[in-house]
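Notes for the one structure printed next.
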Amino acid sequence: YFPGSTIGNFSAAQSVRLLRTMRAQAKDNGALLIGVDLVKAPDILERAYNDAAGVTARFNLNLLAHLNHAYDANFNLQAFEHAAVYDPAHRRVEMRLISLRRQSVRVAGQYFELAKGEYIVTEHSHKYSVGRFESLARRAGFAPGQVWTDPDRLFSVHFLTAA
């Protein structure tokens, strides 16, 4: 059972490797129930990842706070802004932290120069069609079965059996 759409945070190659690991764990009589985020209009995706309440922005900026704490970094969180951009060529949302000014940052004793407007990619969130995800599942040794979607076909849940 792999709920949500966490599989989207992996590249296709990484997703196949993860699904192969799950297939090995499922053995010959096993199955997997997995949530997958579907491809949708770019404006819907960008509104969701650039939410008006700023929840995603705070989550994204918290990565820099974590680096400050865990790796003796010196990120000034106020010197960055969050942006999420849909990349249609790769069918993914790219989460970015954009430098608002020229700055030098330290992480684990290493220094990095950032220009104003330069960004750090913090996450990819891949979106799939039902058929494209089923193709990944087959490559990993699963046989696609029942698929459930919400009425607007924004999200899906797949039942995969060990092939």
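Points to keep in mind about this one:
- Surface share of carbon and sulfur [accessible, 1.4 angstrom probe, percent] for the chain: 55
- Taking N as its residue count, the alpha carbon Rg of the chain over 2.2 N^0.38 Å: 1.22
- Segment N76-L33, extension gain: residue separation times 0.36 nm, minus the distance between their alpha carbons: 11.4 nm
- For the chain, the mean residue ellipticity at 222 nm estimated from helices alone is -9500 deg cm²/dmol, where every DSSP H run of n ≥ 4 contributes -39500 (n - 2.57) and the total is divided by all residues, rounded to the nearest 500.
- The range 38-102 and the range 119-161 have Cα centres separated by 23 Å.
- Dimensions in Å of the range 1-90 - Rg and Dmax from alpha carbons: 17.3, 53
- Accessible area in square angstrom per residue, the chain, 1.4 angstrom probe: 56
- In a fully extended conformation the segment linking W148 and I98 would gain 14.3 nm over its present Cα-Cα distance, using 0.36 nm per residue.
- Relative frequency of Cα-Cα separations exceeding 20 Å in the range 68-135, percent: 43
- Rounded to the nearest 20, the size of the Cβ-charge dipole of the chain about its Cα centre is 400 debye, with Lys and Arg at +1 and Asp and Glu at -1.
- Against the empirical curve 2.2 N^0.38 Å, the C-alpha radius of gyration of the range 42-90 lands at a ratio of 1.35.
The values are calculated or read from the model by the stated rules, or taken from the named source; none is laboratory data. Only a predicted model underlies this, so the values are computations on that prediction, with no experimental measurement involved. Here the Cβ is made from the backbone with ideal geometry for all residues, glycine too, and neighbour counts use every protein chain on show. Just the protein is used for accessible areas: all its heavy atoms, side chains included, with ligands, DNA and RNA removed. Shrake-Rupley method; radii C 1.70, N 1.55, O 1.52, S 1.80 Å.
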